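For reference, the structure is listed below as structure tokens.
The values are calculated or read from the model by the stated rules, or taken from the named source; none is laboratory data. The structure presented is a predicted model; accordingly, all values stated were derived computationally and were not measured. Glycine also receives a Cβ, built like all others from the backbone with ideal geometry; neighbour counts cover every protein chain displayed.
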Amino acid sequence: MSNLALKSKPTLADLQQYVAQAVKERGFTDGVAERFVLLFEECSEFARAARKQVGLKSAPDTHTANLTHEAADVLIVLLGLCNMLGIDLEQAFRDKEELNKQRVWQ
């Protein structure tokens with residue numbers, strides 16, 4: 001039984017901390033390379049689910065997935081990878097957006 005508790009209105013930093021606790025509690029010990037492969041797999045599952053939702057052609061035997069669950073899986077794995085690499089994703093997002101605000105978008 002899990003002792004994890006997520007705030008009702010978490011910040012990105014709260015989500016990142018939650019994932020750190022979940023990884024520890026669940027005993028995941030894979031490395032960065034394995035986590036990157038998992039991120040690509042989850043992105044692929046998210047893309048496949050999105051294709052089906054918007055009606056793009058796909059093989060009839062393609063697994064039907066829950067789009068929102070696949071999106072959450074991508075975020076969970078990304079947050080775990082950021083934890084492994086020492087990246088504060090909320091701060092990284094803020095810093096990158098300050099740079100993006102200065103760019104000219106065409």
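Quick check on my filter: what residues within segment 59-78 are assigned to a helix (DSSP H, G or I), in contact with a helix residue (DSSP H, G or I) (Cβ under 7 Å, 6 or more places away or on another chain) and of a type in the set (A, V, I, L, M)? Write out each step before concluding.
Looking only at segment 59-78, we keep the residues that are assigned to a helix (DSSP H, G or I), and these are 67-78.
When the remaining residues are screened for being in contact with a helix residue (DSSP H, G or I) (Cβ under 7 Å, 6 or more places away or on another chain), the result is 67, 70-71, 73-74, 76-78.
Within segment 59-78, Leu67, Ala71, Val74, Ile76, Val77, Leu78 meet the criteria.
When the residues of segment 1-17 are filtered to those that are free of Cβ contacts under 8 Å to residues at least 24 places away in the same chain and part of a helix (DSSP H, G or I), which remaining residue is surrounded by the fewest Cβ atoms within 10 Å (Cβ to Cβ)?
That would be Asp14.
Assess whether Ala92 counts as being touching a residue at least 40 places away in the same chain (Cβ under 8 Å) and of a type in the set (A, V, I, L, M, F, W, C).
Values: touching a residue at least 40 places away in the same chain (Cβ under 8 Å): no; of a type in the set (A, V, I, L, M, F, W, C): yes.
No: the conditions fail for Ala92.
I want to confirm something. Restricting to segment 24-43 and keeping residues that are out of contact with any Leu (no Cβ under 9 Å at 6 or more places or on another chain), assigned to a helix (DSSP H, G or I) and modelled with pLDDT under 95, which single residue is surrounded by the most Cβ atoms within 10 Å (Cβ to Cβ)?
So the residue we want is Lys24.
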